[in-house]
Amino acid sequence: MAEVSIPTFAAGERRTVDLDGTSVTVFNLGDRYVAYVDRCLHQGGPVCSRGTLHPLLTAAIEPDGEVREYFAEGGRVIACPWHGWEYDLDTGEALWNRARKLRPATVEVDGDALRVRL
Amino acid sequence: MTTIVDVDAHYLEDHKVLASYLPEPLRTRISRTAPGRLLPGSTGDRGVSGRIVRPDIHYPQEPTPPEEIPEIMKFLGVDISVQLPNRMLALSTTSQRDVAVGLAEGYALYMADRVMDPKNGIYSMIIAPVQAPRKAAEIIHKHAGNPGFAAVCLITAGAEPPLGDPFYDPIYQAAQDVELPIVYHSAGSGIDDFVIKGFQRFIETHTLGFVLFNMATIVSMIVQGIPERFPRVKFAFQEAGLFYIPMLMFRLDAEFRKRRAEAPLLKRLPSEYMLDFFYGTQPLEEPPKIDYLADVFKMIDGPNTLTFSTDYPHWDFDMPSVITDLPFLNDGEKAQVLGGNAMRFFRFEGR
């Protein structure tokens, strides 16, 4: 099992580390840390280290039949810079099919340090 | 004192400032749109409101410096690159003959002077202004001797009449005379500019446009007998994926069996001509079962007709892994698709 220790960092930021040759990105979501292997499920793009962050755009059909697009509260999305595949940052799930997930890594907070394991 | 009123002056707005006055989610959508594409000529925001970005290169914010091409080739893992100037993809849509001819001639000079470097694998194509076939033929003859020009390119989107029309004969004759193949390059996310108006999203126009214009071109040039009339020219079709190819092969065959009298020049089934053509792989479809893709490869003789292309840095580019990862091709077939077929088509060997 590969493991690396890094200092904690501020909410909203991310750090990418090397775990025995595998690039893993750690995100501080404010209330917790999450980490995923930095490899898009599509063509292997650097979705985590280079991906752009977006609110979760969704849509609803109103009672009058109109379609209303809106940003879902609390939704955090990362999009791969290569082709735009979007993932739920909290879960790593692909938005087009939530059964498809970024490979997660384990993050443990230990005082001022984070232990990242794969 | 005279008061002077200027009733027409122009202010170039900062679209990000403008965005702050808009309701959500339009505010975010516009604020993350690439500069210059606030209200594009089509429904096109290729970057999907900032999701797809190219932070390591100049595109799309700034022009590509020629010295960036080798770096891009290294990133993509390609050894030979046929570069087609980005802005020329709209060339066929203008009705201004002098502008089209001037741009085509200027681009040929520009690409030869600044961009092409065949010794290091960087090639381009002579772009023919379809609006003025005789002028196009002159441009082809003038530049064909430059080893950096690997083909004559016709931009299919917007070409009227369709590209099998005898109107274009001087272009085909010139390509045959100088022994260069013809690449039909699709475009057409602007399908809503000149075919059906009213689409709302880029995903709609882009899904349809590229396929439509390649299909229109194939139907026109086969039924009008271009392969019979210019038998020494090889033809390739770019940037519409694969699945439209078998559909068109078998649909056109069925029509031909019933309506052969409308295409008496043809000596073979349309699908047989189509199997003589080459097709760029990008954007390779991603069906839920790999068997579906394998079946299409079989139907179109993919190991011998397909030529890998990235389309980089465009938003839907493909890496070579889309071919190297295919489980149903052997190593030799992968090598053919990744490079061998293109070497044969463009005749890079021996140039």
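Name the longest site-free stretch of chain B, where the excluded sites are chymotrypsin sites (Phe, Trp or Tyr not before Pro) in a DSSP loop with no more than 15 other beta-carbon atoms within 10 Å.
B:22-327
Could you calculate the FRET efficiency of B:Arg260 with A:Thr106 from 1/(1 + (r/R0)^6), where r is the beta carbon distance between them and R0 is 51 Å, rounded to 0.05?
So, using R0 = 51 Å, E works out to roughly 0.15.
Any chance you could look up the accessible area of A:Leu53 with a 1.4 Å probe, heavy atoms only, rounded to 10 Å²?
70 Å²
If you plug each phi of segment B:263-274 into the Karplus form 6.51 cos²θ - 1.76 cosθ + 1.60 with θ = phi - 60°, what whole-Hz ³J(HN,Hα) values come out, in order, with x for Gly and Pro?
Karplus values, whole Hz, x for Gly and Pro: 9, x, 5, 6, 9, 9, 5, x, 5, 6, 5, 5.
What nm value, rounded to one decimal, do you get for the distance between B:Thr2 and A:Met1 when each label is placed 7 Å out toward the C-beta?
In this crude label model, B:Thr2 to A:Met1 measures out at 8.6 nm.
Using the heavy atoms of the protein chains and a 1.4 angstrom probe, tell me the accessible area per residue for chain A in square angstrom.
52 Å²
Starting from segment A:33-118, pick out the chymotrypsin sites (Phe, Trp or Tyr not before Pro) whose DSSP state is loop and whose Cβ has at most 14 other Cβ atoms within 10 Å.
A:Trp96
If we count every other residue with Cβ under 12 angstrom of A:Pro7's Cβ, Lys/Arg +1 and Asp/Glu -1, where does the sum land?
Spelling it out: positives minus negatives among the neighbours equals -1.
Show which aspartates and glutamates lie in cross-link reach of B:Lys74 when reach means a straight Cα distance below 20 angstrom and same-chain residues fewer than eight apart are skipped.
B:Asp56, B:Asp117, B:Asp311, B:Asp316, B:Asp318, B:Asp325
Report the antiparallel proportion of the DSSP beta bridges in the protein assembly as shown as a percent, rounded to a multiple of 5.
Roughly 70 percent of the DSSP beta bridges within the protein assembly as shown come out antiparallel.
Run the numbers on chain B and let me know its relative contact order in percent, using alpha-carbon pairs under 8 Å that are six or more apart.
Averaging sequence separation for qualifying contacts and normalising by length gives 12 percent for chain B.
Accessible area, 1.4 Å probe, largest first: how do A:Val34, A:Val4 sort?
The most accessible residue leads, giving A:Val4, A:Val34.
Tell me, which residues of segment A:51-88 get at least 30 Å² less accessible area when the other protein chains come in, versus the chain alone (1.4 Å probe)?
Residues losing area: A:Thr52, A:His54, A:Leu57, A:Glu69, A:Phe71, A:Pro81, A:Trp82, A:His83.
What are the ³J(HN,Hα) couplings of segment B:100-108, residue after residue, when phi is run through the Karplus curve with 6.51, -1.76, 1.60 and θ = phi - 60°? Round to Hz, x for glycine and proline.
4, 5, x, 5, 4, 5, x, 5, 4
If amide H atoms are built 1.01 Å from N in the plane of the peptide, which residues on other chains or at least 5 residues away come under 5 Å of the amide H of A:Thr16?
The answer is A:Val26.
Running a GNM on chain B with Cα contacts under 10 Å, which residue among B:Pro287, B:Pro227, B:Pro161 ends up with the highest mean-square fluctuation?
Judging by the Gaussian network model, the answer is B:Pro287.
For A:Gly45, which sequence-distant residues (separation of 5 or more, or a different chain) have an amide H within less than 5 Å of its own amide H, given hydrogens modelled in the peptide plane?
Placed amide hydrogens put A:Cys40 under 5 Å from A:Gly45.
Please list, in chain and number order, the residues 5+ apart from B:Thr307 or on another chain whose amide H is under 5 Å from its amide H, with Hs placed from the backbone.
Answer set, sorted by chain and number: B:Tyr279, B:Gly280, B:Thr281.
Using 0.36 nm times the number of residues separating B:Asp79 and B:Ala112, minus their current alpha carbon distance, what extension gain do you get?
10.0 nm
Between B:Ser186, B:Ser95, B:Ser321, find the one with the highest GNM mean-square fluctuation for chain B; connect C-alpha pairs within less than 10 Å.
So, out of B:Ser186, B:Ser95, B:Ser321, the one fluctuating most is B:Ser321.
Counting only the heavy atoms of the protein chains, how much of B:Val115 is accessible to a 1.4 Å probe, in Å² to the nearest 10?
20 Å²
Taking θ = phi - 60°, what integer Hz values does the Karplus form 6.51 cos²θ - 1.76 cosθ + 1.60 yield along segment B:62-70, in sequence order, with x for Gly and Pro?
Those phi angles translate into 9, x, 7, x, x, 5, 7, 4, x Hz.
For B:Asn120 and A:Arg32, FRET efficiency with R0 = 56 Å and r from the beta-carbon atoms, rounded to 0.05?
The pair A:Arg32/B:Asn120 has a calculated efficiency of 0.65.
Build a GNM of chain A with springs between Cα atoms under 10 Å: which of A:Ala79, A:Ala99, A:Ala60 gets the top mean-square fluctuation?
Ranking A:Ala79, A:Ala99, A:Ala60 by mean-square fluctuation puts A:Ala60 first.
What total accessible surface area, summed over both chains, is buried at the interface between chains B and A, computed with a 1.4 Å probe and given in Å² to the nearest 100?
The contact between A and B buries close to 1600 Å².
Helix B:169-178: angle to the longest alpha-carbon principal axis of chain B, degrees 0 to 90, nearest 10?
Once rounded, one gets 70 degrees.
Sequence gap at least 6, Cα distance under 8 Å: using those rules, report the relative contact order of segment B:169-274 to the nearest whole percent.
31 percent
Quickly estimate the mean residue ellipticity at 222 nm for chain A, helices only: each DSSP H run with n ≥ 4 gives -39500 (n - 2.57), and the total goes over all residues, rounded to 500.
Computed mean residue ellipticity for chain A: -500 deg cm²/dmol.
Please identify the longest segment of chain B free of exposed GluC sites (Glu not before Pro), where exposed means a DSSP state other than H, G, I, E or B and no more than 14 other Cβ atoms within 10 Å.
B:68-178
Quick one: with all protein chains in place, what share of the accessible area of the protein assembly as shown is carbon or sulfur, to the nearest percent (1.4 Å probe)?
C and S atoms contribute 53 percent here.
From Cα pairs below 8 angstrom and at least 6 apart in sequence, can you work out the relative contact order of segment B:271-338, rounded to a whole percent?
35 percent
Any cysteines in the protein assembly as shown with zero other Cys Cβ atoms under 4.7 Å from their Cβ? List them, or say none.
A:Cys48, B:Cys153
Hey, with R₀ at 35 Å, roughly what FRET efficiency would B:Leu26 and B:Ser321 work out to, going by the Cβ-Cβ distance, to 0.05?
0.45
For segment A:13-47, run through the trypsin sites (Lys or Arg not before Pro) and keep only the ones in DSSP coil with at most 16 other Cβ atoms within 10 Å of their Cβ.
For trypsin sites (Lys or Arg not before Pro) across segment A:13-47 that sit outside H, G, I, E and B with at most 16 neighbouring Cβ atoms in 10 Å, the list reads A:Arg32.
The values are calculated or read from the model by the stated rules, or taken from the named source; none is laboratory data. These figures come from a predicted structure and were not determined experimentally. Don't worry about glycine lacking a Cβ; one is built from the backbone with ideal geometry, like all the others, and counts go over all protein chains shown. All accessible areas refer to the heavy atoms of the entire protein, side chains included, with ligands and DNA or RNA removed. Shrake-Rupley method; radii C 1.70, N 1.55, O 1.52, S 1.80 Å.
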